[in-house]
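Below is one structure, written out as structure tokens; the observations come after it.
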Amino acid sequence: MSNINCTHCNLEFDETVMIKDQEGDKKLYFCCNGCQGVYHLLNSEGLGNFYDKLGDTQLEPASIENSDLEKFDLEGFHKKYVKDLDDELSEINLIIEGIHCSACVWLNEKVLHKRDGVIEASINYTNNKAKVVWDPDVVKLSQIIETIRAIGYNAYPYDPKLQEERAVKVRKDYYSRILVAVFGTMNIMWLAIAHYAGYFTGIEDSFKNILNIAEFILATPVLFYSGWVFFRGAYYGYKNGIVNMDTLVASGALSAYLYSIYAMITKHGDVYFDSVVMIVTFVLVGKYLEVLSKKHAVDTLDSIMGSTPTEVTVVMDGQKSLVSVENIEVDDIIELKSGEKVVIDGVVILGEGSFDESSLTGESEPIYKKDGDTILSGSLCLDSVLRYRATKDASNSLISSIVNLLEESITKKPKIEQLANTISGYFSTTILVIALLTFVGWYMINGSFEEALIVAISVIVIACPCALGLATPMSTLVGISVAAKKNILFKEATFLETMAKSDLLALDKTGTITQGRPSVVNEKLLQDFDSRLLYSLLLTSNHPISKGVARHLESNNSTLGTLDLENIKSIEAKGIRAEYKDQELLGGNASFMASIGINAEEESQNSLFLFAIDKKLVAKFELTDTIREGAKEAIEQIQNLGIKVVMLTGDHSQSANKVAKEVGISQIYSRLLPQDKASKIEEFHKDGYKVVMAGDGINDTIALSLSDIAIAMGNGADTAISVSDVVLIDEKISSIYYAYRISRRTFRAVKENLGFSLLYNVVAVPLAVLGFVNPLVAALSMSLSSLIVVANSMRIKNMKYL
């Protein structure tokens, strides 16, 4: 018996194992009961034209498994994945498994919209992510999932990790295709050298035939395996009525390939297998660069939420218990210990202590909190045990709000303008039309099909957008390598172009302009003492001020030792106390010293750390967050490029103005929360600016995501690095200046390459149309144009940016 395709999934099976069915006079064949059931379901719902849209695309056989539907209606699942909207509707992001083409997207959206209670269903074909909004009073989520499964697909909650796996899979696929293409190109060019030499000096037919067969063997896998992405792109372009660069590449390469086979078999004419592999390889490399440029934005949400506790200690009726953060309700009493991160917003009702809010506000110095003060999720309790009353639930607390805003801002990321793709959209259609008209004209004039085909292929090959396709990626690749040598990492090649067009730089203060950690700027020793006493006392504290003084001592004495202290006690938000033999050691701020009777009157804009032995003051240290080396000069250089520089910071205005004055920034915005920074970026956009934002903390992530280019310091928060487009490994402000210079030089090279490519085609295409160029010369010309583009791109390495 012969093989036959399943009426639903299009997979091929032996006819003897198929389930036979009939619809009127039409015979139906199904590979399983699932496919049969889905087929009749679609037709009964009036969705039978799905199969017209599907065409020859193959699906996975329908498999309906509903044993786990109950979990989608559980309260825990709802709190974790479902968002409750203001109008009593619910929203969820799902990944639809089994989508193969736009017809699958159409079918799922149609079926979901037909379901009572479903308000909105939109599916992104590029990542199979579906946004579904429904009325829970009319339909359950489990029923929606059941509807999707009933038509042969599957759905599960959106998980960023699955998206990363998908991106990795695509990159590996391109990598293997490029390996085959490069291997074929390198070997076929050796054969082509012999071929070209024989073309000009003469070659025996037997040797020529051997070379032709060898080139055919090498070109075939390059065209149909490595070049498959172009055929696929051309096919979907055809289905949607679009002539794209893939169409031109596929048609040119395939035409040259088919004619070369004809020439090889008939031994009449020349073969152009080398042109085939060069066309595929050059343009595939450009496509691979685009794949490599995919951002790992999905990791950002994991990194933020992964750093927050999943359980908190709740005090109820005098009993303590660990409760999942999803189950916390407003007015619950939560106990917080030293070193724990706040995950629910609230108000302190018992105790006091210092909190590190640097990840939220950028403020480097700890904030003292007491009864009645508000504490924010994302901050860190440094030195005490306290209790507070929850004022929000987990989904509405600050850290969750940051995650939600970040997810939205990532999806709203401005798309990079691709000048080459815009041009090639018209270019490809034009060249195909010219080639077709050339073929018709030559055939009508000479009556020779072979000659007309050769001239038409020459037009396509000589105009093949190798140089056009390389114009952007080759330049940006060189630009990226030059930047990397200056410790500047661009995550996407196209970010160079966007940065070159930007005209406003927004700088965070703490950790960007400054070093991001307090350091000693003034030391006053009032009496000689054993420095090991102070150093040992400092090591008992995790307070940033204590760490700053400890680093200062270490820098002045590399052999500094420690002593075994006793009766160590941390005084909440004030200082530390300990004993060594018969000596009492005291360290902390002025209020701590005053509370134990030590007169330490001191006025300073900076933070103070005082050290006393047996209640006698022996040392004073002033600390501040010092400005990064070369910051003032670098900012001046950036301003000289015509770029407006502003400061966005969560610090108080006195500290912000002091730093801004030192580095030469006149426009300052202080005391900004994460949402405020994001609003400022939006304001700049409304004023027509293209914004580059540089920051290093969680507090900067939303603003970074909304900016056109996001720059993060190499040792900044992982979340800031995740959403950034550029990472400065050496953390120097001067690197931002170099990034501007490199990006502008690279973009200039891109425009030069595009200009040359268009000029080349304006000259070469008419010559090919008139028959002055055969496919061999066309291939050589195409290769030469590509080499010129590469050589011009390499000139970026010679730029003088110092």
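Quick notes on this structure:
- Residues with amide H under 5 Å from that of TYR368, placed H, sequence gap 5 or more: PHE355
- For the set LYS581/LYS616; LYS392/LYS574; LYS110/LYS172, the pairs lying more than 25 angstrom apart at their alpha carbons are LYS392/LYS574; LYS110/LYS172.
- Two-site FRET efficiency, MET189 against LYS751, from Cβ-Cβ distance with R₀ of 25 Å, rounded to 0.05: 0.25
- Entries in LYS661/LYS690; LYS337/LYS524; LYS140/LYS320 that, when Cα-Cα distance is taken, lie over 30 Å: LYS337/LYS524; LYS140/LYS320
- In this structure the amide hydrogen of ILE95, modeled in the peptide plane, comes within under 5 Å of the amide hydrogens of ALA130, TYR156, TYR158, none closer than 5 places in sequence on its chain.
- Eligible lysines near LYS797 by straight Cα distance, threshold 24 Å, same-chain separation 8 or greater: LYS287, LYS485, LYS486, LYS491, LYS501, LYS732, LYS751
- Peptide ranges 703-710, 129-136, 264-271, 168-175 listed from the most packed, as the mean C-beta count within 10 angstrom indicates: 703-710, 129-136, 264-271, 168-175
- Per-residue HN-Hα couplings for the stretch 134-139 [Karplus 6.51, -1.76, 1.60; θ = phi - 60°; Hz; x = Gly/Pro]: 9, 9, x, 6, 9, 9
- Centroid-to-centroid separation of the stretch 510-567 and the stretch 579-641 [C-alpha atoms, Å]: 10 Å
- The listed peptides 376-386, 622-632, ordered by packing as a protection proxy, come out as 376-386, 622-632 (highest mean of other Cβ atoms within 10 Å first).
- Highest average packing first - 443-453, 633-643, 760-770, Cβ atoms within 10 Å: 760-770, 633-643, 443-453
- With K and R counted +1 and D and E -1, the other residues having a Cβ less than 11 Å from that of THR313 yield a net charge of -1.
Values quoted throughout were computed directly from the atomic coordinates according to the rules given, and no laboratory measurement underlies them. Worth saying up front: this structure is predicted, and the values here are computed from it rather than measured. No Cβ is skipped: glycine too gets one built from the backbone with ideal geometry, and neighbour counts run over all protein chains shown.
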